[in-house]
1. Here are the criteria: (1) in a strand (DSSP E or B); (2) farther than 27 Å from ILE578 by Cβ; (3) without any contact (Cβ under 8 Å) to a residue 40 or more places away in the chain. Tell me which single one PHE255 does not satisfy.
2. Somewhere in the range 625-635, is a residue outside any helix (DSSP H, G or I), within 30 Å of GLU801 (Cα to Cα) and among the hydroxyl-bearing types (Ser, Thr, Tyr)?
3. Going through the range 206-227 one residue at a time, which ones are more than 21 Å from the chain's Cα centre (by Cα) and crowded, with 24+ Cβ neighbours inside 10 Å?
4. Just give me the residues in the range 95-141 being open to solvent by less than 40 Å² (accessible area, probe 1.4 Å), over 26 Å from ALA170 (Cβ atoms) and either touching a Pro at 6+ places or on another chain (Cβ under 7 Å) or free of Cβ contacts under 8 Å to residues at least 24 places away in the same chain (or both), in sequence order.
5. Can we say LEU648 is over 25 Å from PHE771 (Cα atoms), in contact with a Lys or Arg (Cβ under 6 Å, 6 or more places away or on another chain) and not acidic (Asp, Glu)?
6. Can you pull out every residue in the range 228-267 that is open to solvent by 60 Å² or more (accessible area, probe 1.4 Å) and of a type in the set (A, V, I, L, M, F, W, C)?
7. Can you find, within the range 749-784, the residue that is least open to solvent (accessible area, probe 1.4 Å) among those that are of a type in the set (Asp, Glu) and more than 27 Å from CYS729 (Cα to Cα)?
8. Given (1) of a type in the set (A, V, I, L, M, F, W, C); (2) open to solvent by less than 50 Å² (accessible area, probe 1.4 Å); (3) out of contact with any helix residue (DSSP H, G or I) (no Cβ under 8 Å at 6 or more places or on another chain); (4) at pLDDT 65 or above, identify the lone condition not met by VAL392.
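The values are calculated or read from the model by the stated rules, or taken from the named source; none is laboratory data. Here the structure is a predicted model, which means the values were calculated and not measured. FYI the Cβ positions are ideal-geometry reconstructions off the backbone, even for glycines, and counts take in every protein chain you see. These accessible areas exclude ligands, DNA and RNA; they are computed on the full protein's heavy atoms, side chains included. Shrake-Rupley method; radii C 1.70, N 1.55, O 1.52, S 1.80 Å.
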Amino acid sequence: MHLRSYLKTLFCHNTVVYWMILCLKFSCVAQLLVPECHLQRNLVKGFSRDGDILVGGTFAIHDAREYESPTFTETPARISCQTLMFDDFQWFQAMLFAIEDVNRNPNLLPNITLGFRIHDSCMVIQRAIEGTLWILTGQEEPTPNYQCLRNRLPVAIIGDVTSTRSILLAQILSLYRHPQISYSASSPLLSDRNQFPSFFRTVPSDDFQSRGLAELVIYFNWTWVGLIADDDDYGQQGIKLLQEELIKIGACVAFSRNIVTSRADKNAFDIVQMIKNSSANAIVIFSNSGNMVAVMDEMVRQSVTGKIFVATEGWSTSALLLVEKYSEILTGTIGFEIHSREMPGFEEYLTNLHPLNTRDHMLLQEFWEDTFSCKFQQEVVESLNVYSNDTVQCTGAEKLEKQHVNPSGVTRFGLPYKIYTAVSAIALALQDLSSCSLTGASFDQGTCVDIKGFQPWQLLRYIKNVSLKENVGRGAFFDEHGNPPAQYDILNWQLSHKGTLRPVKVGAYDSSAPPGETLNINTSSVRWIGGDTKVPVSVCSPLCSPGSRKVAKEEEPACCFLCVPCPQGAISNQTDSIDCFKCPWDQWPNQKQDSCILKIIEFLHYEEPLGTMLTATTILSSILPVTILGLFVYYRNTPIVRANNRELSFILLLCLTLCFLCSLAFIGYPSQEKCLLRQVAFGITFAVCVSCILAKTIMVVIAFNATKPNSNLKKWIGPQLSYIVINVCTLIQVLFCIFWLVLAPPFTERNITSKPGIIVLECNEGSSIAFWGMLGYLGLLATISFIVAFLARKLPASFNEAKFITFSMLAFLTVWLSFIPAYLSTQGKYMVAMEIFAILSSSSSLIFCIFFPKCYIILFRSEINTKEYLLGRETAKVQS
């Protein structure tokens, strides 16, 4: 794309140049053959001063403000140069000052006087070409390849100010290898030595400026930027390079608009509307001061403020813009200016200018009239005796002050210094040529050329090797592409006490510095809109704070995004983070999700309220079966204790005590030993309990049926059967637990998934099948006991406890059936608490249903706990 654009530009420029040259040639031929019939052409005039050696120069001293469409029926009107451009006038005077400085130096080109031929292009390409041909030919009606200066051809041409006009001039001058040094053209195209072998410049290429402007923009975190550029080579090449650099560093372009230099209004209305409606607050403008005026005037008309402009060297010190009417718009502007040094005597030279006592008073009369808002009459200039009543007369007594010649108030001059450098380079090259000091630079078989009779192309090799050394700083030199070192000053437009703007140096950019040190800015010296020191914001989307990440908006530039909080368990500890990062397994994001902190370790502590309550309940509950056991031991010979298998009751009460106490194994730090033993202890003790109840129930049934005649069950009456049932049922559970511990033993586990931000220390049961199998076996024993007790609940026996066993087993089964969904629906320490609650509840149900009725009889109905009462009751049953 770059190559296509370059070829298109080159083709158009070449076409203009060659057609103009052809037209001029045919015009000359026609004039010679048929004098009475030829195209009328305007005569070209400029500014000149005689000398031994001439130097050419082109400046856009005026701005062409009249635009007339051609009618093709009459000779086009001559381009009218109307408005004097102070900056360009200052540059023009800088060349005169430099030439006079060289002529005054006795050590530089002794006995040789430099003269000049300078033309005003009025910012028009046609006039730039005409002026170049006028400089080369010496004719007011220039004819290509003809010159009338008789061996006094200008040895080099300084100019032009814009890249477009400099390219056109370079295409003509390169045909003759005529040296050309531009003081402002910065297009990268001009670095091509194949196309422009005789072109040099004292300003860096826009390659460096574009890179520096991109660094400046990103330095202030402006990622949403508007771009405005002239529609010429300077603007288009510069903005293209800048856009590429901005994309590289992650910034985005909000809009891009061209200043149409061929239109009188410069397309200002559309540009200002775009600036006004855009959310971008930082706007980079690749333009020159003349074209900027129309845009700034439109901004004043539409009252557009609150924008920060980033200036290129084309307008960063423009006197046209450093005026009060633009102060509200341009305050805070920051940009690049080509690095320069002080020019001793130049400001004094400017203040001493006077149209009446200066030789050739070139443009001084017009400058004087613009500066003091008065008018000279020709008679006033000649005699100083003419007076007019209808205009303010310039008397000549006015005095130029510093503010007239240096309205920006800078102590160093930018482009004037570059013009001075260009003249110095030519003078030093002439000095080397005159002394034949350059090795290998001699001509004609080793002979050196005469300083007063050489061709411009012979000076070219001396200019290539010239080195300028000042007292301060580094020397300026041309590289292999004709470019000087890339150094810029960074200027900030601040409001003065007079209400006008003044550029203040706040930093520097040096492309040759090490990476990371190219840009240096004193941010404390920068003043933004209204004198504020806070950097303005120019972003499409606000920065994403730590704890969130950027998510691109669909069909939007990369700088326009949404800020989305990091997902659970992830953090971002940087502003504008693209991704969120997971915390380590033992850590969790803090509340802001910008750092990881250690996870809370959770298990059922003895010290916490829930653990304390369960511990107290367990201890108190374990006292109950011990108390009942003591009561039963004390009343062990009473009928009610003996009638319900006294030994089994003792074993059951002991096991219920252990059942209560095994709950303590579930509270506290879940060590490996606890994990191995707690479920096994719970399973075995409960198996013994339920086995005892089953044995009691079986014994009630056998005892009743054994009283029947000829019953074979009498031999089973006794404690042996009960012990067999207890041992067999318990042995099955013991064997099951042994297999469990051997094949898939429980272990301590750090559960980091069940609860966000919490490490749950728990016992992994090793095998869920083994755990639920153990509970299932207890359920099976309880179910059998419930069925047998239910069937035997109405058997006619004294103190028949089958009815109480039925209720106890029903309560037992209800508790554990409710436990299953509750256990599965809880996590962490509450799962453990749920199992403890089930253990306590089921154990308590056995105590209350089986032993409380007996305790009530022993303590409060002792009259029925006698043999006499039992015999009387049996006798009553027989009689009935």
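1. Of (1) in a strand (DSSP E or B); (2) farther than 27 Å from ILE578 by Cβ; (3) without any contact (Cβ under 8 Å) to a residue 40 or more places away in the chain, only one is false for PHE255: (2).
2. Scanning the range 625-635 turns up at least one residue that is outside any helix (DSSP H, G or I), within 30 Å of GLU801 (Cα to Cα) and among the hydroxyl-bearing types (Ser, Thr, Tyr).
3. If we filter the range 206-227 for residues that are more than 21 Å from the chain's Cα centre (by Cα), which is where we start, we get 206-209.
Within the range 206-227, ASP206, PHE208, GLN209 qualify.
4. none
5. Answer is yes for this residue.
6. If the condition is that a residue be open to solvent by 60 Å² or more (accessible area, probe 1.4 Å) and of a type in the set (A, V, I, L, M, F, W, C), then ILE247, ILE249, ALA264 are the ones that fit.
7. Pass one, the range 749-784, residues of a type in the set (Asp, Glu): 749, 762, 765.
If we keep only those that are more than 27 Å from CYS729 (Cα to Cα) as well, we get 749, 762.
Details: GLU749: 58, GLU762: 33 Å².
Ranking the candidates gives GLU762 first.
8. VAL392 satisfies all of (1) of a type in the set (A, V, I, L, M, F, W, C); (2) open to solvent by less than 50 Å² (accessible area, probe 1.4 Å); (3) out of contact with any helix residue (DSSP H, G or I) (no Cβ under 8 Å at 6 or more places or on another chain); (4) at pLDDT 65 or above except (2).
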